[in-house]
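Colleague: Just dropping this structure here.
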Amino acid sequence: MRLEAPRQVDDRVGEFWLENPFDFERLRNFNLSMYERNRLFLSRGRGVLVDASHLSATDHTSDSRAVAVGDLDEDGRPDLIVRSVGGGPLRVFLNRIRGGRSLHVTLRGTRSNTDGIGARMVLQVGDRKLRRDHFPQNSLLSQNANETIFGLGNHRGPFELTIRWPSGTVQVLGDLEPGRIRVVEPDEGSGSDD
């Protein structure tokens, strides 16, 4: 099947048209990147995001496709690792934002799947409830650590965490403080099997 160009293609500005999008030989000399600038958005809470790209050095034009999040320097703040298509440097962006605390939760399932994927968590932080589904994020050619991170702002705790495991077991942990915890699913559930 051949697809005709909808209009005259202007190759002076880099436009091109492929009658057959699977003609990879013709794509050999073309860079399909649109050179979109990378962006970093910070949450101000309550659904408000602020573009902090220009302040963070993440604002560059390489064709970035893979990003992973993890606490590389173990300071409690999530850092970024970014990889671009076609080689180039592997970029590491260490989070240097002062203030704020976090709770990093790693799960170990016994009745559910080993990594606790699909668990639903609710963390009581002051008068707010933070809800997270435990699904470690993946992007093209990258994967994050198997943890769920709760941003706590300046709250010191104590906090209460409720976990509904995929098996239906409900587990409540109290007197938590900012930092890292590893939670093992109890063998006997207090909830019902779903």
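Colleague: As a test question: what accessible area, to the nearest 10 Å², does residue 111 have when a 1.4 Å probe is rolled over all protein chains in place?
Modeller: Here the residue's solvent-accessible area equals roughly 100 Å².
Colleague: Highest mean first, what order results for 179-185, 120-126 on Cβ atoms within 10 Å? Could you put the intermediate results ahead of the total?
Modeller: Details: 179-185: 14.3, 120-126: 16.3.
The peptides rank, most packed first, as 120-126, 179-185.
Colleague: Please work out the C-alpha center-to-center distance from region 61-94 to region 102-157 and express it in whole Å.
Modeller: 20
Colleague: Accessible area per residue of the chain at 1.4 Å probe, in Å²?
Modeller: On the way: 13250 Å² over 194 residues.
Heavy-atom accessible area per residue stands at 68 Å².
Colleague: What does the charge add up to near residue 94, with Lys and Arg as +1, Asp and Glu as -1, over the other residues with Cβ less than 9 Å from its Cβ?
Modeller: Surrounding charge for residue 94 is -1.
Colleague: Per DSSP H run of at least 4 residues, take -39500 (n - 2.57); add these up for the chain, divide by its residues and hand me the 222 nm value, nearest 500 deg cm²/dmol. Walk me through the intermediate numbers first.
Modeller: Details: 2 runs with 8 residues, N = 194.
That calculation yields -500 deg cm²/dmol at 222 nm.
Colleague: Something else now. Normalized C-alpha radius of gyration of the chain, against 2.2 N^0.38 Å? Provide the component values of the computation, followed by the final result.
Modeller: Details: Rg = 22.5 Å, N = 194, 2.2 N^0.38 = 16.3 Å.
My calculation over the Cα atoms of the chain gives 1.38.
The values are calculated or read from the model by the stated rules, or taken from the named source; none is laboratory data. If you're wondering where the values come from, they're calculated on a predicted model, not measured in any experiment. A quick note on method: Cβ atoms are made from the backbone with ideal geometry, for glycine too, and the neighbour counts reach across all protein chains shown. Keep in mind that these areas ignore ligands, DNA and RNA; they rest on the heavy atoms of the full protein, side chains included. Shrake-Rupley method; radii C 1.70, N 1.55, O 1.52, S 1.80 Å.
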